[in-house]
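K.L.:
Sharing a structure with you now.
Just so you know, all these numbers are worked out from the coordinates, no wet-lab data involved. Nothing here was measured: the structure is a model prediction, and the numbers come from that model.
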Amino acid sequence: MKLFLALLIIVFTLSSCYTMQHVAGTGASKSIVVKQKQWFALWGLVPFNTVNPKDMAEKSNNYIVKTEFSLGDIFLGILTFPISIERQTVTVVH
């Protein structure tokens, strides 16, 4: 139990939300938002599914892609840490 609490304290004090944003073309011209979850095993080394931002933007060539480990993703990662499953949120605005 002490080890679990120590690990929980370390995770909360050393982790942070991670966000990357990329602009394709001139960026978003509308406010259409599409979100998908990218799942990984072995703490991010092996992807379970493929999330393609170009497909999420449909036929638009101008969009913004935001990839992040949100607070929900981090909490889920804490719960699934023993089985090494991670999740990442990919958001496309076009």
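K.L.:
Rank V51, V11, V33 by mean-square fluctuation in a GNM of the chain with C-alpha springs under 10 angstrom and give only the top-ranked residue.
P.N.:
Answer for the Gaussian network model of the chain: V11.
K.L.:
Sticking with this structure for a sec: Just checking my list (i) -0.39, -1.04; (ii) -0.52, -1.00; (iii) -0.44, -1.08 against log10 I(q)/I(0) by the Debye sum over Cα atoms at q = 0.13, 0.21 Å⁻¹ computed from this structure; which label fits?
P.N.:
Given (i) -0.39, -1.04; (ii) -0.52, -1.00; (iii) -0.44, -1.08, the structure-derived one carries the label (ii).
K.L.:
With contacts defined as alpha carbon pairs under 8 Å and 6 or more residues apart, what's the relative contact order of segment 17-93 in percent?
P.N.:
Reported as a whole number, the value is 46 percent.
K.L.:
Further question: Relative to the longest principal Cα axis of the chain, at what angle does helix 2-14 sit, 0 to 90 degrees, rounded to 10?
P.N.:
Tilt of helix 2-14: around 30 degrees.
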